[in-house]
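Heads up: the structure comes next, in structure tokens.
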Amino acid sequence: MSLEAVRAILASARSIAVLTGAGISAESGVPTFRGPGGLWRDYRPEDLATPEAFARDPRLVWEWYDWRRRKIAEATPNLGHYALVTLEKRAPDLTLITQNVDGLHPLAGSRNLLEIHGSLWRTRCLSCHEVRDNRELLTRLPPRCACEGLLRPDVVWFGEPLPYELLKRSIRAVEGCNVMLVIGTSSLVQPAASMAGEALSRGTPVVEINLDPTPLSERATHFLQGKAGDILPRLIA
């Protein structure tokens, strides 16, 4: 499908919902969660990103997150991230929903952003429940709060629900949009995977941008195959 057709849809849209996944960050060198770079010391992410793993061995879990944070700290936003910032400035109403926890969207300048899986660059205290930005290099593992409570990464682990308010705002954005962009996501992880189906069921055009076809590709209104960093700047040119 031509870029011109999608450009026309975007130009006439009053409200745009965007869903991004690991693919857009992979273009910045961030290892994908389930890809070849997702294995650490013979542990799978599913072995570590759980409340049970943290309760059992918080230091081990934090060693993994510290490794991830250090790797991601070297990454910078790519042209795809910046193109979405430009689109946000032009669109009357744009909501960016991301499954990524790497912080590259806010670093690029995205403002109307819902980080539904949390952020590696925030911590949450298990005692006083304070959530705060934390980009410091961790010298004490596991880290502790000023109240001496144990800190955990402010991310959603396997077996945990998404934050209710963020999920509600995401659903509202999808239900109210004139077009939805789905970028660099496998379309397998729920509940984000069902959002495009909800938009399609309402007759809303859904544009998928991905390096490889996914379960969504045949159902999407338009499927643009390739890198987000290549396609998005051309879409909004």
Looking at ARG219, is it charged (D, E, K, R), touching a residue at least 12 places away in the same chain (Cβ under 8 Å) and closer than 23 Å to LEU104 by Cα? no
For helices (runs of 4 or more DSSP H) lying entirely in the stretch 41-115, having 1 or more residues that are small (Gly, Ala, Ser) and farther than 23 Å from VAL189 by Cβ picks out 51-56, 58-73, 79-90
Checking the conditions here, which among ARG172, ARG140 is surrounded by fewer than 16 Cβ atoms within 10 Å (Cβ to Cβ), under 30 Å from THR50 (Cα atoms) and not assigned by TED's automatic domain parsing to the domain that holds SER15? ARG140
How about the stretch 184-237: which of its residues are assigned to a loop (DSSP other than H, G, I, E, B), surrounded by fewer than 18 Cβ atoms within 10 Å (Cβ to Cβ) and of a type outside the set (A, V, I, L, M)? GLN190, PRO191, ARG202, GLY203, ASP212, PRO213, PRO215, SER217, GLU218, ARG219, GLY226
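Please find, within the stretch 143-166, the residue that is nearest to LEU104 (Cα to Cα) out of those that are part of a loop (DSSP other than H, G, I, E, B), in contact with a strand residue (DSSP E or B) (Cβ under 6 Å, 6 or more places away or on another chain) and not hydrophobic (A, V, I, L, M, F, W, C).
Here the answer is PRO143.
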Please go through the stretch 57-103 and pick out each residue that is more than 22 Å from PHE158 (Cα to Cα) and among the hydrophobic types (A, V, I, L, M, F, W, C). ALA73, ALA75, LEU79, ALA83, LEU84, VAL85, LEU87, ALA91, LEU94, LEU96
Failed criterion for THR32 (all others in (1) at pLDDT below 95; (2) crowded, with 16+ Cβ neighbours inside 10 Å; (3) under 24 Å from ALA193 (Cα atoms) hold): (2)
Condition first: modelled with pLDDT of 95 or more and assigned to a loop (DSSP other than H, G, I, E, B). Now tell me which residues in the stretch 123-141 satisfy that. LEU126, SER127, CYS128, HIS129, GLU130
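The values are calculated or read from the model by the stated rules, or taken from the named source; none is laboratory data. This structure is a prediction, so every number in the text was calculated from the model and none was measured. Glycine also receives a Cβ, built like all others from the backbone with ideal geometry; neighbour counts cover every protein chain displayed.
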